[in-house]
């Protein structure tokens, strides 16, 4: 299991050892190696720290990726997608009519609900890493990971739609 505090500590320790400033007076090869190693270390740290990037990387390690079969609305979210788009349309209409307060309250509730669902999916993703890491790339694990990543992607898209469709509401 990945301990995020230990990951961060190791990242900073390696960063201090590899930092390009330490090699400014060294040979050109040392400077280049330091830059390459620092960039690779930073990419690895960001990938491991972010559960979605880590999941995508895990798929890649096992010769998989989110593909065409994962770009459709997940069945679990189909109704939610329709409801969110409908509420956004209502909000736009209420803005024209000057009756935004009820629509605003509904959008705030939708945003909070989407954030809660997203947090739950991210927790599920994190909880499953141990199982996936220890059990290898079994087909059912790959499908489960792809499904989680697809649901997370759609919830993030819905959140962006809500944010974009209600610009100015959150800062008002």
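The values are calculated or read from the model by the stated rules, or taken from the named source; none is laboratory data. Predicted, not measured: the structure shown is a model, and the values here were computed from it. Glycine gets a Cβ as well: all are built from the backbone with ideal geometry, and neighbour counts include every protein chain shown.
Brief remarks on what is shown
- Each residue in region 151-172 was checked for being at pLDDT 75 or above and crowded, with 19+ Cβ neighbours inside 10 Å, and 6 of them qualify.
- Yes/no for residue 53 being modelled with pLDDT of 90 or more and either farther than 26 Å from residue 119 by Cβ or in contact with a helix residue (DSSP H, G or I) (Cβ under 9 Å, 6 or more places away or on another chain) (or both): yes
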